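Below is one structure, written out as structure tokens; the observations come after it.
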Amino acid sequence: MANRLSHSLNEIESHTPVIKAQATENDVASKNGEQIEEGDHVYTRIRGGRHEGNVSAHRSDSTTSLPNNQQQGKVNKIVTDQEEADAEDVKHPPKVLFTDQKGKDVAHNPGTLDVTDRA
């Protein structure tokens, strides 16, 4: 019985996302351990739906006059320290900030994201 429990625990741990303990401040990894960089397309499931977008170098300005279809899907910034988090008004860095497919600004923990397409 102990062997079955040990085996089950090892299997669970092997499928558990890497949410904590990033290697360094600048290393931001997805739930599969892939590096998230600008230009990557990321995806996560949330509340029965999804959020997805592309990582880009610039944070979108919510007051811009661009139509939603030009703003959607752009990941805006990767926040790695508390100073950046305070400036972007998010809590508990690291966070990946992006505009989802509906034009809404969202922030997610990198460990909850899948990288679906590389830049």
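Nothing in this text is a laboratory measurement; each read-out follows from the coordinates by a stated rule. Everything numeric here is computed off the predicted structure, so don't read it as measured data. Cβ placement follows ideal geometry from the backbone for every residue including glycine, while neighbour counts extend to all protein chains displayed.
Beta carbons closer than 6 Å, at least 6 apart along the sequence or on distinct chains, pair a first residue in the stretch 84-111 that is more than 15 Å from residue 49 (Cβ to Cβ) with a second that is hydroxyl-bearing (Ser, Thr, Tyr) and crowded, with 21+ Cβ neighbours inside 10 Å for 105/99.
Considered as a group, the residues in the stretch 78-115 that are charged (D, E, K, R) and under 10 Å from the mean Cα position of the chain (by Cα) include one that is nearest to residue 36 (Cα to Cα), and that residue is 114.
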